[in-house]
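Asks: The structure is given below, and queries will be raised subsequently.
Bear in mind these aren't lab numbers, they're just calculated from the coordinates by the rules spelled out. Just so you know, these numbers come straight off a predicted model, no measurement behind them. Don't worry about glycine lacking a Cβ; one is built from the backbone with ideal geometry, like all the others, and counts go over all protein chains shown.
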Amino acid sequence: MQKNINVKLIYNVNNSYNILISSNINLAKEIKKIDLNNNYAIITDDNVYKLYKNKIEKEFSDEKLNYKFFIIKHGEKSKSLKVLQKISEKMIKSGFDRKSTIIALGGGVIGDLAGYIAGTFMRGIPFIQIPTTLLAQVDSSNGGKVAVDIKYGKNSSGLFYQPKKVIIDINFLDTLPDVDFNNGMGEVIKHGIIYDDEYFNFIENNISNILKRDHNVLTELVYGSCIIKSDVVQKDEKETDLRRILNFGHTIGHGIEVLSNYKLSHGYAVAFGMIKESFIANKVGELTNDEVDRIISVINKFFNIKYIYNKNNLLKMIKNDKKNIKTNNLELIIPLVLPQNIGKVKIKNFSIDELEKYL
């Protein structure tokens with residue numbers, strides 16, 4: 001089964017790209033189809049390198065592609081300006097230039113970091129996303145938001161920089177640990193809640209096959225999420241309006257992710273954030289008790305949400321969120337994405353004092 005999505009960006013057609021979703025993909029053959037110079041910097045982490053080094057070397061050698069691996073330590077702490085500088089300097093020393101291409105081979109950390117390097121190296125070179133985790137396949141590899149973390153917040157230094165292509169091989173999910181697979185379901189569930197009740201129903205009705213990692217079901221699952229994300233991105237590439245709905249669960253989720261010093265995974269944090277923000281939606285009269293229960297029930301199939309947090313510390317993190325707005329009189333406004341029902345959300349603004357009452 002093969003699926004293709006053409007992401008056509010209205011305001012900058014040159015940034016448009018294709019998403020390929022299938023199994024048993026020969027990555028080198030797909031890359032050769034793109035009109036790029038034959039000089040590839042493959043940025044990956046130590047875990048992915050161990051698992052897929054032989055596959056990449058064989059396929060790239062068979063297709064006579066010139067490449068070099070740049071390997072970083074796995075984990076969120078590698079998504080930093082320090083690592084960005086280190087990789088950029090190594091690439092220059094290795095002879096990479098403006099006619100080179102970066103390949104992001106890995107999960108969300110690799111995609112964000114490699115995309116940011118691509119956007120800044122020699123003032124910008126092409127890059128290709130090859131996401132190896134469910135989280136990256138359904139969310140971070142699609143949409144062109146790339147970033148690193150700094151002291152005051154996750155993804156607080158970054159840019160919009162679109163890939164030339166996204167190549168999604170479902171086979172990568174076979175080697176993904178259960179905890180990492182389940183983490184990806186946080187973004188999957190989010191897409192159903194914010195945009196498509198039928199997609200949410202598909203998730204509800206296929207829990208068993210999703211957990212079994214049935215390739216046909218996973219292909220449909222990844223395709224469904226990518227269609228939703230692509231539709232939003234095509235309408236609002238730079239997050240000025242509609243694209244803000246993709247932040248459901250993220251304002252609170254990013255806060256506890258940073259508070260935990262990234263010991264909590266992104267997917268877990270977003271799942272926690274979605275539950276909290278659904279409760280807030282219920283308290284302000286936007287979401288029924290039954291729909292809150294449905295959301296929690298599906299989330300609980302993949303996550304065991306038990307996290308105790310300090311409200312004041314969480315508020316400090318939320319105050320630093322890059323999505324916040326300052327009014328003309330410098331009052332801080334916190335925009336939260338709140339479900340009105342499954343498949344539809346609205347953005348409601350809170351003062352920090354108002355939000356404190358609901359946390």
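Asks: Provide the FRET efficiency to the nearest 0.05 for the Val292-Ser16 pair, computing r from the beta carbons and using R0 = 41 Å. Intermediate values should be presented prior to the final figure.
Replies: Values: r = 38 Å, r/R0 = 0.93.
The value I calculate is 0.60.
Asks: Could you give the DSSP H helices of the chain that reach 15 angstrom or more along their long axis (alpha carbon positions) and whose average Kyte-Doolittle hydropathy is no lower than -1.0? Walk me through the numbers on the way to the answer.
Replies: Values: long enough: 46-62 (24 Å, -1.45); 81-93 (18 Å, -0.05); 108-120 (18 Å, 1.04); 178-195 (26 Å, -0.03); 215-235 (30 Å, 0.33); 266-283 (25 Å, 0.29); 289-300 (16 Å, -0.07).
Answer set is 81-93, 108-120, 178-195, 215-235, 266-283, 289-300.
Asks: Still on this structure, please answer the following. Return the loop-located trypsin sites (Lys or Arg not before Pro) in the range 1-95 (DSSP other than H, G, I, E, B) with at most 15 other Cβ atoms within 10 Å of their own Cβ; answer none if there are none. Numbers along the way, then the final one.
Replies: Working: sites: Lys3, Lys8, Lys29, Lys32, Lys33, Lys50, Lys53, Lys55, Lys58, Lys64, Lys68, Lys73, Lys77, Lys79, Lys82, Lys86, Lys90, Lys93; in loops: Lys8, Lys33, Lys64, Lys73, Lys79.
Here the trypsin sites (Lys or Arg not before Pro) that fit, given the DSSP loop and packing criteria, are Lys8, Lys33, Lys64, Lys73.
Asks: Stretched out fully, how many nm does the piece from Asp197 to Lys316 gain, at 0.36 nm a residue minus the Cα gap? Write out the running numbers ahead of the final one.
Replies: Numbers: separation 119, 0.36 × 119 = 42.84 nm, distance 3.39 nm.
So the chain would gain 39.5 nm between Asp197 and Lys316.
Asks: At a Förster distance of 41 Å, what's the computed FRET efficiency of Tyr358 paired with Leu211, Cβ-Cβ distance as r, to 0.05? Walk me through the numbers before you get to the answer.
Replies: Details: r = 32 Å, r/R0 = 0.79.
Calculated transfer efficiency: 0.80.
Asks: Something else about it: Which of the chymotrypsin sites (Phe, Trp or Tyr not before Pro) found in the range 226-300 are in a DSSP loop and have at most 14 neighbouring Cβ atoms, other than their own, within 10 Å? Please list the in-between numbers first.
Replies: Values: sites: Phe248, Tyr262, Tyr268, Phe272, Phe279; in loops: Phe248, Tyr262.
Answer in residue order: no site qualifies.
Asks: When the chain is fully extended, how far beyond the present Cα-Cα distance does Lys263 get from Asn24, taking 0.36 nm per residue of separation?
Replies: Numbers: separation 239, 0.36 × 239 = 86.04 nm, distance 3.26 nm.
This chain segment gains 82.8 nm when fully extended.
Asks: Looking at the range 98-185, which trypsin sites (Lys or Arg not before Pro) are DSSP coil and have at most 15 other C-beta atoms within 10 Å of their C-beta? Don't jump to the answer; show the numbers that get you there.
Replies: Numbers: sites: Arg98, Lys99, Arg123, Lys145, Lys151, Lys154, Lys164, Lys165; in loops: Arg98, Lys99, Lys151, Lys164.
Of the trypsin sites (Lys or Arg not before Pro), the ones in loops of the range 98-185 whose Cβ has at most 15 other Cβ atoms within 10 Å are Arg98, Lys99, Lys151.
Asks: Hey, another quick one. What fraction of the DSSP beta bridges in the chain is antiparallel, stated in percent and rounded to the nearest 5?
Replies: Working: 20 of 42 bridges.
Expressed as a percentage, antiparallel bridges in the chain total about 50.
Asks: Right, next: Which far-off residues, 5 or more places away or on another chain, put their amide H under 5 Å from the one on Ser157, with H placed in the peptide plane?
Replies: Here the answer is Val148, Ile150, since their amide H atoms fall under 5 Å of that of Ser157.
Asks: For a quick size check, give me the Cα extents of the chain along its three principal axes, largest first, whole Å.
Replies: Result for the chain: principal-axis Cα extents of 60, 46, 38 Å.
Asks: If you don't mind, there's one more thing I want to ask. Enumerate the amide H contacts of Tyr67 below 5 Å, restricted to partners 5 or more residues apart or on another chain; note that Pro and chain-start residues carry no placed amide H.
Replies: Those lying under 5 Å, H to H, from Tyr67 are Tyr40.
Asks: Between Ile308 and Lys151, what is the label-point separation in nm under the 7 Å Cα-to-beta-carbon projection?
Replies: So the two model labels end up 3.0 nm from each other.
Asks: Sticking with this one: Check which residues have an amide H placed less than 5 Å from Ile72's amide H, if you skip close sequence neighbours.
Replies: Those qualifying (amide H under 5 Å, at least 5 residues apart or on another chain) are Thr44, Asp45, Asp46.
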